[in-house]
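A.B. asks: First the structure, which I've put down as structure tokens, then a few questions once you've had a look.
Any read-out appearing in this document is the output of simple, stated calculations on the displayed coordinates, not a laboratory observation. In this text, all values refer to a predicted model and were calculated from it rather than measured experimentally. Glycine also receives a Cβ, built like all others from the backbone with ideal geometry; neighbour counts cover every protein chain displayed.
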Amino acid sequence: MNKKYKIAYCTPSLYMAGGIERVLTTKANYFADVLDYDIYIILTDGKGKTPFYKLSDKINLINLDIKFEELWKFSFTSKIPIYIKKQHKYKQTLTRVLYEIKPDITVSLLRREINFITKINDGSKKIGELHVNKANYRNFESSDINFIKKCFSEIWMKQLIKKIKKLDKFVVLTKEDLDNWIELNNTICIPDPLTSSKGELSNVSNKNVIAVGRYVYQKGFDLLLQAWQIVNKRHPDWTLSLYGGGKREPYIKLAKDLNIEYSCKINAAVSDINTKFAESSILAFSSRFEGFGMVIIEAMTCGVPTVSFTCPCGPKDIIRNEINGLLIDNGNINEFAEGICRLIEDVNLRKELSDQCKKDAAIYQIDNLAQKWIEVFDEIIEEKRKEK
């Protein structure tokens, strides 16, 4: 029988329709409802805003109301004194809360609390979770890179590694990224779980390609739209449907500039993406970088095969080329378009990949991956017992 633990998660907010928010909600709900863990989620932002994904009533939600989001409206240099003040407040309030709730384990999603979490002597063991790969953890938008920021990023990474070394366990999402953290000996790989236990199945006959993710540089939707211009010329009867949060306007404009706006629908995020997968036959995954690639396995559980760039990190861990999807040289727009066209034109291949997707998706069910987390929790709590 599993032991019952009290676990506190630290993350900025839950009101946005992001992958981290969705995964954390899935894990927290499972730990609370199925394993009967006492779960706390401690937020710094979004006070008064409803979580985008439904949380279990058993979960304790605490908002410290630090308002780090206010930093977004300041320039890079003018943020510094404001950030220092807010960070000091965050350390004080989080310390107080952890001493009050006395968790067995505190989990940082490697946001601002990683700077001081191991210095809080509340008695809890400390775990860090990274939801992006090492190389792109301090990634800036392509138009927002300069020499000062590059130097800052390199210094910051060296400091981060020192802090991660002090964690009781550091969890990354892919075997590919696990090999990047050569400085550490406390690192393990646990993939993200599927955020729904069973997807509505696609028969891969609808003439629709789907893409899902926030409208940001990382997701490479600009590359996808350029590829779609090529696909659209060969297959004007097919449509591309994008779903995500963030600013859609630049991508709507790009679609018009490429003269593909009539075959390309750029939609807001939806809470039930499985319904949209079931209406589609191919997932286009155009990210420049990832932490894992949750969208790929969500599509797989619905039987939708993926055409994906071999970006770091995630797709190469999930997709077996020519078996459950197609892998394309990273950033190669022409090959990406050709991969989509190939699945459009080869119905038998599309169905074969779809069948294998449904089988492989079982690996990422929460019931399976939760066992890995239980082993980690048991291990570090046993270490804590021995330390006494």
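A.B. asks: By the scheme Lys and Arg +1, Asp and Glu -1, what is the net charge of all other residues having a beta-carbon under 9 Å from that of MET294? Show your work: numbers first, answer last.
C.D. replies: On the way: positive: ARG22; negative: ASP192, GLU290, GLU298.
Counting the neighbours of MET294, the net charge comes to -2.
A.B. asks: Shifting gears a bit: Work out the length of the dipole vector of the chain about its Cα centre, built from +1 on the beta-carbon of each Lys and Arg and -1 on the beta-carbon of each Asp and Glu, and round it to the nearest 20 debye.
C.D. replies: On the way: 59 positive and 50 negative charges, 328 e Å.
Dipole of the chain, to the nearest 20 debye: 1580 debye.
A.B. asks: Which listed residue (HIS131, THR306, ILE101) has the Cα farthest towards the positive end of the charge dipole for the chain, taking +1 on Lys and Arg C-beta and -1 on Asp and Glu C-beta about the Cα centre?
C.D. replies: Checking the options against the dipole of the chain, the answer is ILE101.
A.B. asks: Also, quick follow-up: Just the number, please: percent antiparallel of the DSSP beta bridges in the chain, rounded to the nearest 5.
C.D. replies: Working: 0 of 43 bridges.
Antiparallel: roughly 0 percent of the beta bridges in the chain.
A.B. asks: Between ALA362 and ASN180, what FRET efficiency follows from the Cβ-Cβ distance if R0 is 30 Å, with the result rounded to 0.05?
C.D. replies: Working: r = 28 Å, r/R0 = 0.92.
That gives a FRET efficiency of 0.60.
A.B. asks: Let me ask something else about it. Amide H of SER287: which non-local residues (sequence gap of 5 or more, or other chain) have their own amide H closer than 5 Å, using H built in the peptide plane?
C.D. replies: Correct list: PHE309.
A.B. asks: Based on the Cβ-Cβ distance of ARG234 and GLN371, what FRET efficiency does E = 1/(1 + (r/R0)^6) give at R0 = 45 Å, to the nearest 0.05?
C.D. replies: About 0.50, to the nearest 0.05.
A.B. asks: Tell me, how many Å apart are the Cα centres for region 233-307 and for region 44-92?
C.D. replies: When both Cα centres are located, 30 Å separates them.
A.B. asks: Given a Förster distance of 56 Å, report the FRET efficiency between LYS158 and GLU279 from their Cβ-Cβ distance, rounded to the nearest 0.05. Walk me through the numbers on the way to the answer.
C.D. replies: On the way: r = 47 Å, r/R0 = 0.84.
For LYS158 and GLU279, the calculated efficiency is 0.75.
A.B. asks: Separation between the ASN203 and SER78 pseudo-spin-labels, each 7 Å from Cα along Cα→Cβ, expressed in nm?
C.D. replies: Each label point lies 7 Å from its Cα, and together they span 5.9 nm.
A.B. asks: Also: Counting each DSSP H run of 4 or more residues in the chain as -39500 (n - 2.57), what helix-only mean residue ellipticity at 222 nm follows after dividing by all residues, to the nearest 500 deg cm²/dmol? Write down the numbers at each step before the final one.
C.D. replies: Working: 12 runs with 151 residues, N = 388.
The per-residue figure over the chain is -12000 deg cm²/dmol.
A.B. asks: Want the number for LEU61 to LYS49: 0.36 nm per residue separation, take away the alpha-carbon distance, what's left? Spell out each step's value before the answer.
C.D. replies: Values: separation 12, 0.36 × 12 = 4.32 nm, distance 1.18 nm.
Contour length minus Cα-Cα distance gives 3.1 nm.
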